[in-house]
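Encoded as structure tokens, the structure appears first; notes follow it.
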Amino acid sequence: MDNRFVKGLLRDNPLLCLALGVCPALAVTTYAVNGLALGVITCCVLVCATLVSCLLGKVSSEKGQLALYMMVSAAFAAVADLIVKANFPELSAALGIFVPLTAVSSLVLSRAAFAVDNTPGEAVADVLGMGIGYLCAMTVVGVVRELLAHGSVFGAAILPGGIPSIALPAGGFLVLGVLMGVFKAIVGKKDEEEDAQA
Amino acid sequence: MSNSITFRGGVHPLHGVHEGKAATCGQAVIDYTAETVTIQMGMHLGAPSTPTVQVGDHVKLGQQIADPVGFLGLPVHASVSGEVIAVGPVQTILNPAAMAVTIKNDFKDEWVDGLEPLGDVETAPVEKIIPAIKNAGICGMGGASFPTHVKFAVKEGQYCDTIVLNGAECETHLTCDHRLMLEQSKRIVDGLRAAMRALDVKKGIIAIEDNKPDAIEAMRRAAAGREGVEVMPLMTKYPQGGEKQLIQVVTGREVPTKKLPLDVHVIVLNVGTAKAIADAVIEGKPVISRVTTVTGHVNRPSNLRVRIGTMADDLIAACGGISIPEDQVGKIVMGGAMTGFPFPNTTHIPLAKGNNGVVVYSEAEAVDYEEDPCIRCGRCVEACPIGLNPFKLKYFCDAGDMKRAGEWCVMDCVVCGSCSYICPAHRRLTASFKAMKDKIAAEARKGKG
Amino acid sequence: MKLHLTPAPHVHSPQTTRALMGNVLLALAPCAVAGVVIFGAPALVLMAVSVLSAVAGEACWQRLTGQKVRVNDLSAAVTGLILGMNLSPRAPWWLAVVGGLFAVVLVKGLFGGLGDNFLNPALAARAFLLVSWPRYLTTWAAPLAADAVSGATPLANPSGYTLGQLFLGNIPGSIGEVCKAAVLVGFVILLCTKTITWHIPVSLTLSTLVFCGLLGYNPIAAVLSGGVLFASVFMATDYVTCPMSTKGQLVYGVGAGLLIALIRKFGLYPEGVTFAILLMNVATPLIDRYTKRRVYGYEKEAKA
Amino acid sequence: MNILLFMIGCVFTHNIVFDRLLGVGDAGKDRRVEVAAVYGLAVCAVMTLTAVCAWAADSLLLTPMKLDFLRVPAFTLIAILISLLGQVCLGKVKPAWLEQLEGCALPVAANVAVLGVALMNAEAGYSFAYALLNGLCSGAGFLLAVVLMAGVREKLEFSRIPAPFKGMPITLISAGLIALAFIGFKGMA
């Protein structure tokens, strides 16, 4: 039960190893705070959507299955969007449309599909592992990118200057790509074949 | 003077030093007969012949010592008169244990009786020419060693309207064809006429690269007045002598993929083969000798007319031995620098009908380059005369991807060596394509077999 | 007797990767000398620093990833020198170091080293520096001779300089690009040593001439100002990132010229050359796919 | 004139993949150039139709009735329906293309860019023309991005990329370098 959880964190980290939910990670992580916030939101939407779709159980056709997940996660994404707009207006301005876009995030859809095939206990552990793993990954990327771009971490200035172009989309791509490579090197994974069966 | 049309791609190996031919192209051919000769049974493309003599038999010059086997089979003849001292496998350039007959020369050179000369080529009975060619054991002397009578076998529905004599000799170091054209020009034109009459062909073109002006002159004089024979000078560029490139430049036609020259109504013959045809028709003599260039680091580089089966160490000895100390010898190659086969640590190798040269390289010239990464400079793509994409094919061959190598036409590669020659990163392109072609051919045979 | 058994062919053309890169360095020499003559010592320091950082970066990366250190094929030195010549003489030294490392490690090393990258390392590094620190790369030092402290480049006020000045190069600009005469000398060197073919430089310069003319610039001044000539001779002809066939190279040149004109006319950055060539580098795999040659013995092109 | 600038902007300057960072995961998948072109076209078509329907649903239904928090589920539903519709008619018109999409067009609806464009139109309050153009040009931009990345991935097929960087990391770095080149279009629109 727990190795599933640990797996989600390290070996099969959704963002850095399985490359799920890459779009928001690129756009939002210019500041560590935003990265963390969207990580939390995505984690909540993921957990709720997966639990609900787990309860709803199997639907006949495979296409219908995917459509159902999308609707469920869309609903939760809308709810999350409302909550964020109500309580943290400046965060919602910063994250922009990426909060509602968690509806179609590949992370949410793939975990929901995975959850239905397994026992609820297994599904919960996996989802929690994945959710927390994604959250940590987003924060790490946010920290690194903010450090490189603005020389500060969570707002606290550390380095004098910074490489402004890292804040641009091009910089985001490069930082995330290099981080994924380095992470894979550290975790000792050869390449994507091994992820296939995760 | 030179023909301005040329084929796409191609390279100019050793262009600065007259393609490595300066040492031997000016000297006349020297006759040399060795003590013993080792005549291989598998000198031609096709199943090796079966020997019909035992140790101890006495054979006369030109006596048949092996019977042909299979459709591509050719009879093999004794190239000296003397006593058979061994019949067994010997180390040859490509095959560590090839069946061969070793004969000790008694220097009497007495011809076997029963030869049937057909007289002058213009009057010889047409239907007898091709059987005479087969009985003389003639195969391509340019290096391919394809049995000539099979090349002349024109199936119904096919026809041939042009015979091209390949006097291009674009390979480096080799000057045997050049000397042959200077000294035997009339005999070569006779051979061409014999072939033209045998196949009822109206046009015969002798193609010679323009780095051999004296040969062009000599052949023009010999061809003057002969019906339908003309000489065409060509631009000097390797691999002009390749069958496909020669047909493209001389006749403007392109051999479709997986087809033979006969499908575009052309037959290509080497000048040496034409001379052998003339000997067979006029004097009824089989192929017993050929001219071979021995050059590189030998004391007296020269062209030798030697009997088929002479040992390479005898050839080198006849040219005054190797001129540099033995440990400095890097490589000895049978043939030219672009398509020759390296000697395997010994010079005790017999000469076959298709071997046109022995070249000795020093250690400096024979460096084993280490393959650097490809810098995608496109030189190999420019150099390939067939228009392939060598750098991409090399990746497929290295990855063993036969499907995509086939899709990118590796089977059309003529293994001329231009891409490996020009590659700045010393990548072994040609060797990979040759290996992949053999693999795909073996796969196809296994599939069919 | 010990004989090598390596397969045919047994001779090799004298041009090796190292020799080719040596030719490029030789061709760059006139521009480097001109840059130092015009801008003095800081130009020399910058070029040296960027070459060193590129070479050191490549050596460390190759040792780090356990490859054989191939720095002696001079490709890193060429990248470093070209990058150094793209900077303005007043740029700080660390800019050259960051650019050098970015070029050699991120653009080339991560993709597998020489021959595996799809963007020209020096050009990508220049774009990265231009985007990160625009002020270093767009405020120009005046040449030693002139007194104007930071005059605008010919791109900023095209009418400010006579064609003669533009050609000889005592105008503000980056180190290697200013003296067009030196670039032409380099071009001739590269052509004579058969390192490059004329297709890309000529097609790029002509298409820039035409398209800038169409968009209302004085064509000659447009070509002579900014880095068009330098880039078309040294950066656009980088083997690894330009198309293989001559047909593809012509398309590449014309496309780059068009983009240069568009970016100069409508774009934010005055100097369109960097991004134009980078965009054509990105399109090169597609150009290569659709300019394949007909194989002997086939009617139409081989399947892509 | 500014319509033309807006269009150029959507395709090049604010390219949906390289600048607005939507649909990166789907653009980066390993496919041959032909398959990439077909996938790009499919996404472009679905994106345009979705943008139009979303605009209609939003301005006629949701905003007047203050239900704009239902935008996300509504637009997702629209995207699903359109992609199913697209799959049916694609099956009739060009079945060969359908195989290249692995027989199911639904993943196209799951593409982040499709929903992203619809939401962008709604939040920016674009008129019908701009919403349509935004959908169409962003789709064209996505097609351009997918084809370019497929071309680059094919060129890198035999590159000696270090093992941990194979797959998605090197794709992201390539996309980053392409995005660096696309910055050249900045200021055009």
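Only residues that are assigned to a loop (DSSP other than H, G, I, E, B), in contact (Cβ under 8 Å) with a residue 40 or more places away in the chain and within 13 Å of B:Pro68 (Cβ to Cβ) were counted across region B:34-54, and they come to 7. If you go through region D:125-159 and keep only what is within 12 Å of chain C (Cβ to nearest Cβ) and within 13 Å of D:Ile8 (Cα to Cα), you end up with just D:Leu144.
In region B:297-304 there is at least one residue matching the filter, namely being modelled with pLDDT of 90 or more, surrounded by 19 or more Cβ atoms within 10 Å (Cβ to Cβ), touching a Phe, Trp or Tyr at 6+ places or on another chain (Cβ under 7 Å) and closer than 14 Å to B:Cys176 by Cα. Here region C:21-50 is the region considered, the condition is being within 14 Å of chain B (Cβ to nearest Cβ) and in contact with a helix residue (DSSP H, G or I) (Cβ under 8 Å, 6 or more places away or on another chain), and the residue that is nearest to C:Leu184 (Cα to Cα) is C:Val24. Is region D:169-185 home to any residue that is within 18 Å of C:Asn281 (Cα to Cα), surrounded by fewer than 24 Cβ atoms within 10 Å (Cβ to Cβ), at pLDDT 90 or above and out of contact with any helix residue (DSSP H, G or I) (no Cβ under 6 Å at 6 or more places or on another chain)? Within region D:169-185, none of the residues are within 18 Å of C:Asn281 (Cα to Cα), surrounded by fewer than 24 Cβ atoms within 10 Å (Cβ to Cβ), at pLDDT 90 or above and out of contact with any helix residue (DSSP H, G or I) (no Cβ under 6 Å at 6 or more places or on another chain).
None of D:Val72, D:Val88, D:Val93, D:Val33 is of a type in the set (Val, Ile, Thr) and touching a residue at least 60 places away in the same chain (Cβ under 8 Å) except D:Val33. Among the candidates B:Ile133, B:Ile65, B:Ile138, the residue that is assigned by TED's automatic domain parsing to the domain that holds B:Thr273, touching a strand residue (DSSP E or B) at 6+ places or on another chain (Cβ under 8 Å), surrounded by 18 or more Cβ atoms within 10 Å (Cβ to Cβ) and at pLDDT 90 or above is uniquely B:Ile138.
Those residues that are surrounded by 15 or more Cβ atoms within 10 Å (Cβ to Cβ), assigned to a helix (DSSP H, G or I) and within 14 Å of chain C (Cβ to nearest Cβ), I need them from region B:16-33; list them, please. Correct list: B:Glu19, B:Gly20. No other residue among B:Gly252, B:Gly284, B:Gly309 is on the phi > 0 side of the Ramachandran plot, more than 14 Å from chain C (Cβ to nearest Cβ) and out of contact with any strand residue (DSSP E or B) (no Cβ under 9 Å at 6 or more places or on another chain) apart from B:Gly284. Evaluation of A:Gly133 against the conditions (1) touching a residue at least 40 places away in the same chain (Cβ under 8 Å); (2) over 24 Å from D:Ile170 (Cβ atoms); (3) crowded, with 24+ Cβ neighbours inside 10 Å shows that the sole unmet condition is (2). If we scan region C:146-161, do we find a residue that is modelled with pLDDT of 75 or more and more than 11 Å from every other protein chain (Cβ to nearest Cβ)? No, region C:146-161 contains no residue that is modelled with pLDDT of 75 or more and more than 11 Å from every other protein chain (Cβ to nearest Cβ). A:Val108: in contact with a helix residue (DSSP H, G or I) (Cβ under 7 Å, 6 or more places away or on another chain), more than 29 Å from D:Asp68 (Cα to Cα), assigned to a helix (DSSP H, G or I) and touching a residue at least 40 places away in the same chain (Cβ under 8 Å), yes or no? When the stated conditions are applied, A:Val108 does not pass them. Inclusion of B:Gly73 among residues that are in a loop (DSSP other than H, G, I, E, B), out of contact with any His (no Cβ under 9 Å at 6 or more places or on another chain) and away from chain C (no Cβ under 14 Å) is not warranted. Considering only residues in region B:214-249 that are in a helix (DSSP H, G or I) and farther than 24 Å from B:Pro385 by Cβ, the one that is nearest to the other protein chains (Cβ to nearest Cβ) turns out to be B:Asp214.
Here is a yes/no grid of residues against (1) outside the structural domain of B:Lys186 (by TED's automatic domain parsing); (2) not in a helix (DSSP H, G or I):
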| site | (1), (2) |
| --- | --- |
| B:Lys259 | no, yes |
| B:Leu269 | no, yes |
| B:Thr273 | no, no |
| B:Arg290 | yes, yes |
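Residues of region C:241-254 include at least one that is assigned to a helix (DSSP H, G or I), farther than 22 Å from C:Ala76 by Cα and among the hydroxyl-bearing types (Ser, Thr, Tyr).
Residue-wise test of (1) outside any helix (DSSP H, G or I); (2) at pLDDT 90 or above.
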position: A:Ile166; (1), (2): no, no
position: A:Val175; (1), (2): no, yes
position: A:Val178; (1), (2): no, yes
position: A:Ala185; (1), (2): no, no
position: A:Asp191; (1), (2): yes, no
position: A:Glu194; (1), (2): no, no
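Screening A:Val127, A:Val140 for residues that are away from chain D (no Cβ under 14 Å), within 14 Å of A:Asn34 (Cα to Cα) and assigned to a helix (DSSP H, G or I) leaves exactly one candidate, A:Val140. Scanning region B:389-414 for residues that are in a loop (DSSP other than H, G, I, E, B), under 18 Å from D:Phe158 (Cα atoms) and not acidic (Asp, Glu) yields B:Asn389, B:Ala399, B:Gly400, B:Trp408. Condition test on D:Leu81, is it surrounded by fewer than 24 Cβ atoms within 10 Å (Cβ to Cβ), farther than 25 Å from C:Leu106 by Cβ, modelled with pLDDT of 90 or more and aliphatic (A, V, I, L, M)? In short, no. In region B:323-351, which residue that is surrounded by fewer than 23 Cβ atoms within 10 Å (Cβ to Cβ) and more than 9 Å from chain C (Cβ to nearest Cβ) is nearest to B:Ile138 (Cα to Cα)? Only one residue fits best here, namely B:His348. Across region B:277-295, not a single residue is classified as free of Cβ contacts under 8 Å to residues at least 12 places away in the same chain and of a type outside the set (A, V, I, L, M, F, W, C).
Cβ-Cβ distances below 6 Å connect the following pairs, each with a first residue in region B:422-449 that is within 12 Å of chain C (Cβ to nearest Cβ) and under 19 Å from B:Met338 (Cβ atoms), a second residue that is basic (Lys, Arg) and surrounded by 12 or more Cβ atoms within 10 Å (Cβ to Cβ), and a separation of six or more residues or different chains: B:Ile422/B:Arg379; B:Leu429/B:Lys394; B:Ser432/B:Lys394. If you go through region C:270-288 one residue at a time, do you hit one that is free of Cβ contacts under 8 Å to residues at least 12 places away in the same chain and either crowded, with 24+ Cβ neighbours inside 10 Å or acidic (Asp, Glu) (or both)? The answer is no; no qualifying residue exists. For D:Ala189, all conditions in the list (1) out of contact with any Cys (no Cβ under 9 Å at 6 or more places or on another chain); (2) modelled with pLDDT under 85 hold save one; what is the number of the exception? Going through the list (1) out of contact with any Cys (no Cβ under 9 Å at 6 or more places or on another chain); (2) modelled with pLDDT under 85, D:Ala189 breaks only (1). Would you call B:Asp368 within 30 Å of the chain's Cα centre (by Cα), at pLDDT 90 or above and of a type in the set (Asp, Glu)? Answer is no for this residue.
Here is a yes/no grid of residues against (1) farther than 27 Å from B:Val306 by Cβ; (2) in contact with a helix residue (DSSP H, G or I) (Cβ under 7 Å, 6 or more places away or on another chain):
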{"residue": "B:Asp161", "(1), (2)": "yes, no"}
{"residue": "B:Ala168", "(1), (2)": "no, yes"}
{"residue": "B:His178", "(1), (2)": "no, yes"}
{"residue": "B:Leu182", "(1), (2)": "no, yes"}
{"residue": "B:Leu199", "(1), (2)": "yes, no"}
{"residue": "B:Ala223", "(1), (2)": "yes, yes"}
{"residue": "B:Arg226", "(1), (2)": "yes, yes"}
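The values are calculated or read from the model by the stated rules, or taken from the named source; none is laboratory data. This structure is a prediction, so every number in the text was calculated from the model and none was measured. A quick note on method: Cβ atoms are made from the backbone with ideal geometry, for glycine too, and the neighbour counts reach across all protein chains shown.
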